[in-house]
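The structure appears right after this line, and notes come after that.
The values are calculated or read from the model by the stated rules, or taken from the named source; none is laboratory data. Keep in mind the model is a prediction, meaning the values are calculated, not measured. Glycine also receives a Cβ, built like all others from the backbone with ideal geometry; neighbour counts cover every protein chain displayed. The protein model used for the area step is the full one, side chains on, heavy atoms only, and it has no ligands, DNA or RNA in it. Shrake-Rupley method; radii C 1.70, N 1.55, O 1.52, S 1.80 Å.
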Amino acid sequence: QVPVVESGGGLAQAGGSLRLSCTASRAVARIDSLGWYRQAPGGQRDLVASIASSSNTNYADSVKGRFTISRDNAKKTVYLQMNSLKPEDTGVYYCNADLRIYGSTATSNYWGQGTQVTVSS
């Protein structure tokens, strides 16, 4: 069972919005910290936004004021609300999370499988 799964990607027009979700499986007791990463075609995987267990957030300069990361601990889900989308936001978005698995005393780091976001001009 994949520990975290992304959803919510798709096609949007420039100026539009999408909301991504990263949801942990039943085997996960809680999400500690989590980051959303973007990999553009032919590019590297870059951090877009992150949220700590304290809910402190951090954003890449390119998305500040447009993207918002938030968490719902009861649903074991972290969201990335993306507004005022630009064509350069196109890429595969991955979540990377430090998870506490039931029965484990330590956190482990996992990547999701990614979700495609395409922004047309």
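Taking the stated definitions as given, is ASP46 modelled with pLDDT of 95 or more, acidic (Asp, Glu), open to solvent by 60 Å² or more (accessible area, probe 1.4 Å) and closer than 15 Å to TRP111 by Cα? Quick ask: steps written out before the conclusion?
Working: modelled with pLDDT of 95 or more: yes; acidic (Asp, Glu): yes; open to solvent by 60 Å² or more (accessible area, probe 1.4 Å): yes; closer than 15 Å to TRP111 by Cα: yes.
For ASP46, the condition - modelled with pLDDT of 95 or more, acidic (Asp, Glu), open to solvent by 60 Å² or more (accessible area, probe 1.4 Å) and closer than 15 Å to TRP111 by Cα - is met.
Being outside any helix (DSSP H, G or I), in contact (Cβ under 8 Å) with a residue 40 or more places away in the chain and open to solvent by 40 Å² or more (accessible area, probe 1.4 Å): is that true of ASP98 here? Break it down into steps so the answer makes sense when it comes.
Working: outside any helix (DSSP H, G or I): yes; in contact (Cβ under 8 Å) with a residue 40 or more places away in the chain: yes; open to solvent by 40 Å² or more (accessible area, probe 1.4 Å): yes.
Yes, satisfied.
Within segment 1-37, which residues are open to solvent by 40 Å² or more (accessible area, probe 1.4 Å), touching a strand residue (DSSP E or B) at 6+ places or on another chain (Cβ under 9 Å) and within 13 Å of GLN113 (Cα to Cα)?
VAL2, VAL5, SER7, THR23, TYR37, listed by residue number.
Scan TYR79, TYR102 and give me the residue that is out of contact with any Leu (no Cβ under 6 Å at 6 or more places or on another chain) and within 18 Å of ALA12 (Cα to Cα). Full working, then the answer.
On the way: TYR102 fails: within 18 Å of ALA12 (Cα to Cα).
Residue meeting the stated conditions: TYR79.
Of all residues being of a type in the set (S, T, N, Q), more than 11 Å from GLN39 (Cα to Cα) and under 17 Å from the mean Cα position of the chain (by Cα) in segment 109-121, which is least open to solvent (accessible area, probe 1.4 Å)? Just the residue, please. It would help to see each step written out before you state the result.
Of all residues in segment 109-121, those of a type in the set (S, T, N, Q) come to 109, 113, 115-116, 118, 120-121.
Now drop any that are not more than 11 Å from GLN39 (Cα to Cα), which leaves 109, 113, 118, 120-121.
The next check asks that each one be under 17 Å from the mean Cα position of the chain (by Cα); those that pass are 109, 113, 118.
Numbers: ASN109: 83, GLN113: 102, THR118: 52 Å².
Ranking the candidates gives THR118 first.
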